[in-house]
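The structure under discussion is supplied below as structure tokens; questions concerning it will follow.
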Amino acid sequence: MDSIVERVIDFAEKPPTWPVCFQSECPLRTSCLRYVVGQAAPSTMRFGPAVYPQARQGDKCSEYRQLRVIRAAWGFSPLFHDVKHRHYKVLRDKMKEYLGNHTSYYRYHRGERLLTPEQQQWIIDLFASYGYTEDIHFGGYRDVIDFT
């Protein structure tokens, strides 16, 4: 396993309803996030959401999730640094709509939620569609496990 993944894996970061796997015979286990996170479960844990053996059929598993570390982002202030006044509201409103609503927008802005690379690209493309292509970056970045 990659050393960055070993440093980043923290069972507490797993979404509460996200199932983990404990099938040590599975041929996909070394690259499956569900299995790797399951191995990080605290010894005091007695029950929780899990992947059942029926999910695996031979060398395939319907619940397999590729272990992936992503560079997540948050914070929008730098994005708007050089935005013209007439574009500010429309860009912000389109981002709010894309991210779900006003509350979600500010959770991403404050870093309570992190933007995936796909979400970052959507926002970068939005700004590019208004002519903003230079020095587009977010307020902060962090490498995290992708639980999507």
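Return the tail of the calculated pair distribution for the chain, meaning the percent of Cα-Cα pairs more than 20 Å apart.
57 percent
Another one. Rounded to the nearest 0.05, what FRET efficiency do Tyr141 and Asp93 give with R0 = 25 Å and r taken as the Cβ-Cβ distance? Could you check?
The pair Tyr141/Asp93 has a calculated efficiency of 0.50.
Once phi is turned into ³J(HN,Hα) by the Karplus curve 6.51 cos²θ - 1.76 cosθ + 1.60 with θ = phi - 60°, what whole-Hz value does each residue of segment 44-59 show in order, with x for glycine and proline?
Going residue by residue, I get 7, 6, 10, 7, x, x, 9, 8, 7, x, 5, 5, 9, 10, x, 9 Hz, with x marking Gly and Pro.
Something else about it: Going out from 0 in 5 Å bins, what whole percent of all Cα-Cα distances in segment 26-95 drops into each bin?
3, 12, 16, 13, 10, 7, 6, 8, 11, 9, 5, 1
Counting each DSSP H run of 4 or more residues in the chain as -39500 (n - 2.57), what helix-only mean residue ellipticity at 222 nm follows after dividing by all residues, to the nearest 500 deg cm²/dmol?
-10000 deg cm²/dmol
Still on this structure, please answer the following. Read phi for every residue in segment 118-128 and hand back ³J(HN,Hα) as whole Hz from Karplus 6.51 cos²θ - 1.76 cosθ + 1.60, θ = phi - 60°, with x for Gly and Pro.
Taking θ as phi minus 60°, the curve returns 5, 5, 4, 5, 4, 5, 4, 5, 4, 5, 5 Hz for segment 118-128.
Every number here is computed from the coordinates shown, using simple stated rules; none is lab data. These figures come from a predicted structure and were not determined experimentally. Please note: Cβ atoms are built from the backbone with ideal geometry, for glycine as well, and neighbour counts cover all protein chains shown.
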